[in-house]
Amino acid sequence: HLVKKTKNDSSKSFGLLVDSLSAADYELLLYRGWRRSGLHLYKPDNWSSCCPALSIRLEANHYQISKSQKRVLKKFNKYLELPNTTAAATTTH
């Protein structure tokens, strides 16, 4: 059963609910722009949406991080290393 779903008249998609799906069928759907969330399969309707969702496939084995991505990662890791003052305050009381 294929349903065209609209959310606030801005983002539109087609959707299905599936109980099971073979890896081969799932791969075919991915190549055709479908996405999955749990049992829900959906395909954004880019022609009538205000903000089209674009699919990107990345060859993870060949990916190389850029200098700007390295800087962002370094800042993020530094942020994660900061002491959590809220957690420290709650554990000392």
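So how much accessible area does Ile56 have, in Å² to the nearest 10, using a 1.4 Å probe?
Around 150 Å² of this residue is reachable by solvent.
Can you compute the FRET efficiency between Arg32 and Lys74 using 1/(1 + (r/R0)^6), with r the Cβ-Cβ distance and R0 = 35 Å? Round to the nearest 0.05.
Computed FRET efficiency for Arg32 and Lys74 comes out at 0.40.
Work out the FRET efficiency for Leu17 and Ser48 from their Cβ-Cβ distance, taking R0 = 25 Å, and round it to the nearest 0.05.
Working from the Cβ atoms, E equals 0.70.
Using 0.36 nm times the number of residues separating Ala24 and Tyr63, minus their current alpha carbon distance, what extension gain do you get?
11.6 nm
Mind grabbing the accessible area of Trp34 for me, 1.4 Å probe, Å², rounded to tens?
Accessible area of Trp34: about 30 Å².
The values are calculated or read from the model by the stated rules, or taken from the named source; none is laboratory data. None of the values given here were measured: they were computed from a predicted structure. Every residue, glycine as well, gets a Cβ built from its backbone with ideal geometry; the counts of neighbours run over all protein chains shown. Side chains included, ligands, DNA and RNA excluded: accessible areas come from the protein's heavy atoms. Shrake-Rupley method; radii C 1.70, N 1.55, O 1.52, S 1.80 Å.
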